[in-house]
Amino acid sequence: MDLHAFFKSAKFRVLLCILALLCGVMLYSIKSGTHTDLFTRMFRTASEPLQRFSASVTAETNKHLDTYFKSKAYRDENAALREEIERLNEQLIGYDDALQELRALRDQLAIKEKSDGFVMSEPCRVLMPVSNDPAGSFFIDQGEAEGITVGAPVICSHGLIGVISELSNHSAKVATILSAELSVGAVDLQSGDSGIIEGSLKYSPDGKTKMIYLSTENTVKADDLIITSGTTGLFPRGLQIGTVEQVGIEETGLTAYAVIRPAVDLETLESVTVLLDFKGKGVANHG
């Protein structure tokens, strides 16, 4: 309610007149004592509607004033609550960042416990995916200034993610193992059959990749674990790639293939590690 407008209104001026008239009647009654003449009784009778009107206006005014002050209290309380919510949200953001950093450090610790002479980058935050890429390529927040190089393997504690395919000063693009850009020497840990992991447009939309150049006499079977062979010197041996879902013969009939489900869930990655150096890097080993 606009109190300033109310105090300037005709209703308020009428109320003041009534109050002044009533005050005059009260003073007259006090002065005349207990004697009430005919004029006074008539005046009281005539003023009863005015008194009721005055009481009504007073009640309405009190109602609006009460509503105004309660509304202001609610507004003040809501403003205080909003400030508290913003403060708590800022704390939650800080907790989330700290939790993500802790998970990244734990992941690197798990890699170090399993690795053999790995030189690794600091944990790299996954920034954003490459749009319209069924192979799930993405950018990270480290680049050439942090010692990252094109072709460096990108991993986490669960296994191989991909390689660095493009580089800038403080960011890099990662091509995943679903990408046709990537070729990785691989071996079936159970059967010993070897082949090449290469992404396929047929399988990448479903989050799968393909192991090609398998012998038609292979003994690969579903649920076998596929790991990096380490024969080319581009990747260390023993990184998990994924598990076999199915095996088939290529249309040419000359080689076989296996459909692989990656060990790493590429859609939930928050941070990754880049391998800067490892034992056997750059040394091809076909033995």
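I'm told residue 258 meets every condition in (1) surrounded by 20 or more Cβ atoms within 10 Å (Cβ to Cβ); (2) under 26 Å from residue 110 (Cα atoms) except one. Can you identify the failing condition by its number?
Tallying (1) surrounded by 20 or more Cβ atoms within 10 Å (Cβ to Cβ); (2) under 26 Å from residue 110 (Cα atoms), residue 258 fails exactly one: (2).
Taking the options 180, 222, 186, name whichever one is assigned to a strand (DSSP E or B), among the aliphatic types (A, V, I, L, M) and in the same structural domain as residue 263 (by TED's automatic domain parsing).
Values: 180 fails: assigned to a strand (DSSP E or B); 222 fails: assigned to a strand (DSSP E or B).
When all the criteria are applied, what remains is 186.
Quick grid of which residues meet (1) in contact with a strand residue (DSSP E or B) (Cβ under 8 Å, 6 or more places away or on another chain); (2) among the β-branched types (Val, Ile, Thr); (3) modelled with pLDDT of 95 or more:
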{"residue": "166", "(1), (2), (3)": "yes, no, yes"}
{"residue": "180", "(1), (2), (3)": "yes, no, no"}
{"residue": "186", "(1), (2), (3)": "yes, no, yes"}
{"residue": "193", "(1), (2), (3)": "yes, no, yes"}
{"residue": "196", "(1), (2), (3)": "yes, yes, yes"}
{"residue": "226", "(1), (2), (3)": "yes, yes, yes"}
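Looking at (1) farther than 14 Å from residue 165 by Cα; (2) surrounded by fewer than 17 Cβ atoms within 10 Å (Cβ to Cβ), which is the only condition residue 144 fails?
Just one mismatch for residue 144, condition (1).
Collect the residues in segment 230-243 that are farther than 16 Å from residue 156 by Cβ and crowded, with 21+ Cβ neighbours inside 10 Å, keeping them in residue-number order.
Here is the first cut: in segment 230-243, the ones farther than 16 Å from residue 156 by Cβ are 230-234, 237, 243.
Matches in segment 230-243: 230 only.
When you go through (1) assigned to a strand (DSSP E or B); (2) on the phi > 0 side of the Ramachandran plot; (3) not basic (Lys, Arg) one by one for residue 238, which number turns out not to apply?
(1)
Collect the residues in segment 102-137 that are within 16 Å of residue 159 (Cα to Cα), among the aliphatic types (A, V, I, L, M) and without any contact (Cβ under 8 Å) to a residue 12 or more places away in the chain, keeping them in residue-number order.
Correct list: 109 only.
Find the residue count for segment 263-287, including only residues that are assigned to a strand (DSSP E or B) and under 14 Å from residue 152 (Cβ atoms).
To start, the set of residues in segment 263-287 that are assigned to a strand (DSSP E or B) comprises 271-277.
Next, only the ones that are under 14 Å from residue 152 (Cβ atoms) stay: 272-277.
Result for segment 263-287: 6.
The values are calculated or read from the model by the stated rules, or taken from the named source; none is laboratory data. This is a predicted model, so every value here is computed, not measured. Neighbour counts are summed over all protein chains in view; Cβ atoms, including those assigned to glycine, are modelled from backbone coordinates with ideal geometry.
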